[in-house]
1. Might you tell me the accessible area per residue for region 405-495, computed with a 1.4 Å probe and given in Å²?
2. Out of G145, G275, P286, whose Cα points farthest toward the positive end of the dipole of region 130-288 (charges: +1 Lys, Arg; -1 Asp, Glu; placed on Cβ)?
3. Between N259 and Y514, what is 0.36 nm times their sequence separation minus the Cα-Cα distance? Round to one decimal in nm.
4. Using only protein heavy atoms and a 1.4 Å probe, report how much of F448 is accessible, in Å² to the nearest 10.
5. Based on DSSP H runs of at least 4 residues, each adding -39500 (n - 2.57), what is the mean residue ellipticity at 222 nm of the chain after dividing by all its residues, to the nearest 500 deg cm²/dmol?
6. Let me know the shape class of region 251-295, please: from the alpha-carbon gyration tensor, a ≥ b ≥ c as square roots of the eigenvalues, rounded when a/c is under 1.5, otherwise prolate if a/b is greater than b/c, or oblate.
7. Hey, got the dipole for region 338-495? About the Cα centre, +1 on K and R Cβ, -1 on D and E Cβ, debye to the nearest 20?
8. With +1 on each Lys and Arg Cβ and -1 on each Asp and Glu Cβ, and nothing else charged, work out how big the dipole of the chain is about its Cα centre, in Debye to the nearest 20.
Amino acid sequence: MATSSFYKPLFLVKCSIEKRPSYVSHNNSHHNHFNIPIASAFKKMTMIGLPEFPKIVATSAVRLVDAFVDSFFEFIDQPLLPSQNNFAPVEELGGTMVVTNNIDGRIPNGFPEGVYIRNGPNPLFGGLKSTNSIFGKTSHVWVEGEGMLHALYFNNNNNNNNNNNNWTVLYNNRHVETETYKLEKQRNKPSFLPAIQGDSLAILFAYLLNLLRFGKVNKYISNTNVFEHSGKFYSVAESHIPQEIDIFTLKTLRNWDVNGAWNRPFCSHPKKAPGTGELVTLGISPILPFCELGIISADGKKLDHKVDLKLKRCTLCHELGVTQRYNVIMDFPLTIDLLRLVKGEQLIRYDKDEYARIGVMPRYGDASSIKWFEVEPNCTFHIINSFEEGHEVVVRGCRSLDSLIPGPHPSSNEFDCLSRCYEWRLNMETGEVKERSLIGPKVVYMDFPMVNENFMGIKNRYAYTQVVDPLASSTQDVPKYGGLAKLYFEESSTEKLFMQGDKQHDEDPIRVEYHMFEKNTFCSGAAFVPKDGGVEEDDGWIISFVHNEDNAISQVRIIDGKKLSGEAVVKITLPCRVPYGFHGAFMPISFQASH
């Protein structure tokens, strides 16, 4: 897993839901968002026309296709269950609002100036749509909503005094204005046909008709994560290249293609290489080459390395890992396959009978230099951290036995698609793999991990995650997170033995500390904020957007990273509801220096 009129206090704001909100599909999850290319011949059709009148012909053709869509496709609102109300979209504020007077608690000493920003889906026109047509039905999934940034600004007017009276705290939200966002906004109506879930024939026609009308088969949603590189800030989802944003206004500035050198999507979690500050990313495609790795210079101006990893399938790579010398690639059996779609099968599918492997690649290596390690089949979206220890590369992540995309297999346990913390130890000399679950016999599902970014790619002692509320999630199609956890990798739990499938392991499960929210209260976009002048790895705080479904109040809470089980040290009530979303980040910024 960014504001306009920054110091203009807006005390009144309309923050309502447009029409009816969206429906959460029963067969999809929170990462199902891809711009799937169709055969290049389709794209050439957009240029058909007489040489003398190309623009006239093209315009007429688009109007004809629009008329066809209007006649034979019906857009339908996808309703939400009452328990899904906080997945519904909200309106833009139109500028920042002061929330300093709504702070319960004191902003702690050492808390840095900066921006806490979170991304997430916020669909236009009241919510997501499904369509009925002569070709069948298609529907959006809630993760396909256009990206909206939610930002909280912490400006310390006196850096030597952390009294709340010396802080100005402001909140703003704003859509990420991708090319397709602007296109639909200009039309002022739903226009792109849903093209991810539904009847295969209808999906194929949705691709083709979107391409003929817009030159794109699906929307660029940019709703998953926000990252910084070389002092610039970007919104991203793995369906497209990132969008640079103005961190102060949340305005979308431009697409970032690394000065024309990168022509495919980014993964949602590019990583900075330890020591060098280079940015490592992956880009996937359902047509060859399936996956390419890129390394961007520390100043963000050039692409220093680009290589085809020569994967044999289009693996849904949401994230990659880095160590001091290596890149870590997860090639797991959650795949995108256009041929399946043509045959009337699922476009995106998890196949537990297919191979799973982890690749360790020298930083500037190529496909032939990757050392592959076969591992037990699984689905892992998020890596906690990866690092080198002796001859081993250690990879820790949030691992599940099935996938929320496009939905768990009918024969699976209902909780197989939820993640638990896991570790792989890959011996670079012998090729041996050691796998283990990190948590003991108490079944706890966790995801959206975070670490102190100063320890990314090197050995770390602590990590934090969001904790799934299984009961609240059982009526949803995506998890709800009812708390936070702190993982102590170098401390053992009191539970000495634990089971993994049918195997008993003698290794001690690690110690875990919890911070659980009150009933019907759930978080999203949690991030670790290092303390100014902090010495130890866990010197800092967890900051998170939190929503109480009983009173519909949204807050940002700050919790001590050293004493996670304690009460929140600060609760900041926001001026409007903040829907559940994806990844958040804290960007340290000196506002005095920026002015």
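The values are calculated or read from the model by the stated rules, or taken from the named source; none is laboratory data. Note that the coordinates shown come from a computational prediction; the quantities given were computed from them, not determined experimentally. As a convention, Cβ positions derive from the backbone with ideal geometry for all residues, glycine included, and neighbour counts pool all protein chains shown. For the accessible areas, the whole protein counts, side chains as well, though only heavy atoms, and no ligand, DNA or RNA atoms are used. Shrake-Rupley method; radii C 1.70, N 1.55, O 1.52, S 1.80 Å.
1. Roughly 40 Å² per residue, with all protein chains present.
2. The Cα lying farthest towards the positive end belongs to G145.
3. 87.3 nm
4. 10
5. Calculated mean residue ellipticity at 222 nm is -3000 deg cm²/dmol.
6. Working: a/c = 1.92, a/b = 1.13, b/c = 1.70.
Oblate is the answer for region 251-295, as a/c is 1.5 or above yet b/c matches or exceeds a/b.
7. Details: 18 positive and 24 negative charges, 50 e Å.
Rounded to the nearest 20 debye, it is 240 debye.
8. The dipole magnitude comes to about 1580 debye.
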